[in-house]
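Each remark here refers to the structure printed beneath this line.
Here, each number is a calculation from the coordinates, and none is a lab measurement. Here the structure is a predicted model, which is why all the values come from computation and not from measurement. Neighbour counts run over all protein chains shown; Cβ positions are idealised from the backbone, glycine included.
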Amino acid sequence: MRVYREIPHSKFINCIHWSRNGSLIATGDIDGHARIFDINNNDEKFVLSNHGLSVKAIKFSEDSKNIITGGEDLHINICDVETKKRLGTWVSHSDWITSLSFHPVD
């Protein structure tokens, strides 16, 4: 088992998720940012600033091509990990999003 000493964040981390192949880690923090880190190179790949409030949930898709985030702003965002572009946003919740999952694919 490898131990990682530091994932640089300026604020508290609320949620964390490893990619299936173990090379990427995604974090969500209290200032509305989702960060993707490349564990093999020990660097930050990019930052998603898609939420106006705290990110409470984050998850990679099974193929690690997409990331989904949700939080206190009642939004769910899905982004392409390679292009770093937002693919969609859903706003239909009346309270915080604290858990997310992708639909299983055959």
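What to note about this one:
- Extension gain, TRP18 to SER94, is 24.5 nm, computed as 0.36 nm per intervening residue step minus the present C-alpha separation.
- Taking every Cα-Cα distance in the chain and sorting them into 5 Å bins starting at zero, the pair-distance distribution P(r) comes out as 2, 13, 25, 26, 19, 10, 4, 1, 0 percent.
- Charge context of ILE78, other residues only, Cβ under 12 angstrom, K/R +1, D/E -1: +3
- Cβ-based net charge around GLY52, under 11 Å, with every Lys or Arg adding one and every Asp or Glu removing one: -3
- Cβ-Cβ FRET estimate between PHE102 and GLU82, R0 fixed at 22 Å, reported to 0.05: 0.85
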